[in-house]
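A.B. asks: Once you've had a glance at the structure underneath, I'll fire off some questions.
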Amino acid sequence: MTPQQAVGLASRLFAIWLALGAFQSWMVVRAVHADGVAPAGWLQYAVPAIYWAAAVLLWFFQMSIAHRLVPRTRYEDRMALPPQQVVVVACVVLGLCILLLRALPALASWLAAAVLYVGAGQRISTMDAARHAALLEGLLQLAAGLVCVFRAQAIAARVAPAAVVRESIFPAATGDTRL
């Protein structure tokens, strides 16, 4: 794996993170719109659309971004780590970041509000829609983070299949001498 390919992989993982952020912002804006705070109907689609556009650009143009960020090297310059292991480690790190930076704060915020509601003698069902949307958002991000952490091998197999990895490492072994 060349340094550009490693940056391209990081770009794709960041695109996944942006897609999760787009879903989060859509949920929050929908909840605010349902409460009547945001009168503009287009707002609920504009903010997530920006996230999605950035995620799509990062996903499909990861190598052109990588070539702009990392100076060009020869194709023979390779990193010593096997690509599958890099993808597995990156998935685990992404999952931990989702858990620590997104899921746990959202769930802790909802739990703190629920404790205050119960302490005041109110039912949790009387909480506003934004709080319930934050709970759903936190649970979905918790699930996404746990999948990234515990299913990193399966994700790595889908992101960088072994046949593609073997061909990129040993092109002569597959009969392709164009490289």
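The values are calculated or read from the model by the stated rules, or taken from the named source; none is laboratory data. Since we're looking at a predicted model, the values are computed, not measured. Every residue, glycine among them, receives a Cβ derived from its backbone with ideal geometry; neighbour counts consider all protein chains shown.
A.B. asks: Scan region 115-134 for residues that are modelled with pLDDT of 85 or more, loosely packed, with under 15 Cβ neighbours inside 10 Å, in a helix (DSSP H, G or I) and small (G, A, S) and jot them down.
C.D. replies: Selection gives S125, A129.
A.B. asks: Pick from region 138-150 the residues that are without any contact (Cβ under 8 Å) to a residue 60 or more places away in the chain and surrounded by 15 or more Cβ atoms within 10 Å (Cβ to Cβ): which of them is nearest to M27 (Cα to Cα)?
C.D. replies: It comes out as G138.
A.B. asks: Checking the structure you have, find out if any residue of region 164-175 is at pLDDT 80 or above and aliphatic (A, V, I, L, M).
C.D. replies: No, region 164-175 contains no residue that is at pLDDT 80 or above and aliphatic (A, V, I, L, M).
A.B. asks: Next up: Can you pull out every residue in region 16-55 that is among the small types (G, A, S), surrounded by fewer than 20 Cβ atoms within 10 Å (Cβ to Cβ), at pLDDT 70 or above and over 20 Å from H132 (Cα atoms)?
C.D. replies: Matches in region 16-55: A19, A46, A49, A53, A54.
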